[in-house]
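Quick notes on the structure that follows.
The values are calculated or read from the model by the stated rules, or taken from the named source; none is laboratory data. Quick caveat, the model's predicted, so the values are computed rather than measured. Note: ideal-geometry Cβ built from the backbone for every residue, glycine included; neighbour counts use all protein chains shown. SASA here: full protein model, heavy atoms, side chains in, ligands and nucleic acids out. Shrake-Rupley method; radii C 1.70, N 1.55, O 1.52, S 1.80 Å.
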Amino acid sequence: MSKSRNKLTVSFEFSEKQASLGLFDAVSIIVGIVIGAGIFETPALVAANAGNPMMVIGLWFAGGIISLIGALCFAELATTYPHPGGSYYYLHRAFGKRIAFLFAWARLSVVQTGSIAILAFVFGDYTAQIFSLDGMGNISNYSASIYAALAIIVSTGLNIIGIRQGKRAQNWLSVLKILGLVLVVVAGLIFAFTFAPAPAAPTSSNPANNLGLGLVFVLLSYGGWNEAAFISAELKNARRNILRSLILSIGIITAIYILINFAYLQGLGIDAMANSKAVAADLMRQANGESGAIFISLLVSISTLGALNASILTGARSNYALGKDFSLFSFLGKWNNATNTPINAYLLQGSIALALIVLGTITRKGFETMVDFTAPVFWFFFLLCGLSLFILRIREFHIERAFKVPLYPLTPIIFCLTCGYLIYSSTVYTGIGSLVGVVMVLIGIPMSANTFSSEQF
């Protein structure tokens, strides 16, 4: 496409976008997108790498700042190039078709399926608190993995035959998630004002402290701000409300996350927190006994199952779109009219996710291995998106930008440097999971030469 063609297309798309979201709407959506199931699992891993309570809180605060910086960069891209392809479109526009294909391949093989496996392990860890398999011999050692695999199989099967959760059910699942977070905070405050704080373990008891890896786990829980930035193209009074909505929403999320971690530290102490398999259940067990642990585990399990189902549904449809765009994956682009679902996309996605459950079971670290698997790839493409902001500013200077990232070029430079540091941390200080994730992306390089459809963009 020529520059004049680019200018016409972008201007048309932006002018046709109906600004229908107010400031409150935007804040509510962003908070809802970002706060997921990870916050019930990652605090234990952050504590294990932080070493002391102040550093735990500091990492969660830093995660909020980094997320805000990244969201501002994506807000400029989203408002300048309001396209449903999101990151795929920015990368194609800045770097060309091969990098765009590699991103699509990484989303299929690592990012989306890894996210499904992450949610499945959260579900498995908390469901094992309710329905223990103790007394069943060696099988009890794999309780979380068994429940994680069953969740993927059942949810994939239900989606294949066309059964979906309705909007009302999905909303109730979100309510349960928020209720669980409130209960955790309340339990921590009860400890703060009623009992002496749980003693913190000395830093020397955890020789594997690594702030970079701790930040990787923190930012997993902040994940979603990049998707949230896309709504900036639909904001009323966009120039004024983009910055306000991002600061308010990420400020609220940061405050919630700090309160939750204060609750864990106050109720359990950093040592018990770092060694917990289901930290919210352990805190509620400390506060209300076994009934409290079962109750919070049930809330987390139900909420996570809803998120898992939504990820499986949307992931299969993005893979279906991949099959329509790339001839190599044409088998994914087949739609079954009998069930009104992309069956092949569901089956491949489910198979990869189950293979990842096996990998997490072999390493005996489940959730942590899945974070290792996705993190280097995730931050690599975030780095490319940050760089695309510079490239498109220079190459397409003629395109009007409804929103420009504040303090350019300092803000995107900080974001790119942070991405680089997180790529380093998530490859050097992690286990076999990160190696498998990187290898999966490398497999896509030779495929990128001949698979790009001439119809795409």
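Here is how the numbers come out for the structure above:
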quantity	calculated
Selection count where residues are buried (at least 18 other Cβ atoms within 10 Å of the Cβ) and not aliphatic (A, V, I, L, M), scope the range 406-426	8
Failed item in (1) at pLDDT below 85; (2) open to solvent by 60 Å² or more (accessible area, probe 1.4 Å); (3) of a type outside the set (Phe, Trp, Tyr), with Gly333 passing the rest	(2)
Members of the range 350-405 found to be charged (D, E, K, R) and open to solvent by 30 Å² or more (accessible area, probe 1.4 Å), listed by number	Arg364, Lys365, Glu368, Arg393, Arg395, Glu400, Lys404
Set Ala62, Ala78, Ala106, Ala100: member being open to solvent by less than 30 Å² (accessible area, probe 1.4 Å) and at pLDDT 90 or above	Ala106
Where a residue in the range 101-125 is closer than 14 Å to Ser448 by Cα and its partner, wherever it lies, is not in a helix (DSSP H, G or I), with Cβ under 8 Å and at least six apart	Phe101/Phe326; Phe101/Ser448; Phe101/Thr451; Phe101/Phe452; Leu102/Ser448; Ala104/Phe326; Trp105/Ser448
Leu158 at pLDDT 70 or above, assigned to a helix (DSSP H, G or I) and open to solvent by 40 Å² or more (accessible area, probe 1.4 Å)	yes
Helices (runs of 4 or more DSSP H) contained entirely in the range 351-457, each with at least 3 residues that are under 18 Å from the mean Cα position of the chain (by Cα) and closer than 30 Å to Ser330 by Cα	367-395, 432-447
Qualifying residue in the range 257-271 (condition: in a helix (DSSP H, G or I), in contact with a helix residue (DSSP H, G or I) (Cβ under 8 Å, 6 or more places away or on another chain), in contact (Cβ under 8 Å) with a residue 60 or more places away in the chain and closer than 15 Å to Leu68 by Cα)	yes
Residue match in the range 314-321 (condition: polar (S, T, N, Q), closer than 22 Å to Leu442 by Cα, open to solvent by less than 60 Å² (accessible area, probe 1.4 Å) and modelled with pLDDT of 90 or more)	no
Selected residue (criterion: modelled with the lowest pLDDT) from residues of the range 134-155 that are within 15 Å of Gln349 (Cα to Cα) and of a type in the set (Val, Ile, Thr)	Val154
Residue list for the range 272-299, restricted to those being closer than 24 Å to Ile33 by Cα, open to solvent by less than 10 Å² (accessible area, probe 1.4 Å) and either free of Cβ contacts under 8 Å to residues at least 60 places away in the same chain or among the hydrophobic types (A, V, I, L, M, F, W, C) (or both)	Ala278, Val279, Ala280, Ala281, Ile296
Near pairs, Cβ below 6 angstrom, 6+ apart or cross-chain, from the range 383-398 (in contact (Cβ under 8 Å) with a residue 60 or more places away in the chain and under 14 Å from Thr79 (Cα atoms)) to any residue that is open to solvent by less than 50 Å² (accessible area, probe 1.4 Å) and part of a helix (DSSP H, G or I)	Leu389/Cys73; Leu389/Pro412; Leu392/Ala94
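For every residue, the table says whether it meets (1) surrounded by 24 or more Cβ atoms within 10 Å (Cβ to Cβ); (2) assigned to a helix (DSSP H, G or I); (3) of a type in the set (Gly, Ala, Ser).
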position: Pro82; (1), (2), (3): no, no, no
position: Tyr90; (1), (2), (3): yes, yes, no
position: Ala94; (1), (2), (3): no, yes, yes
position: Gln112; (1), (2), (3): no, yes, no
position: Ala117; (1), (2), (3): yes, yes, yes
position: Ala120; (1), (2), (3): yes, yes, yes
position: Phe123; (1), (2), (3): yes, yes, no
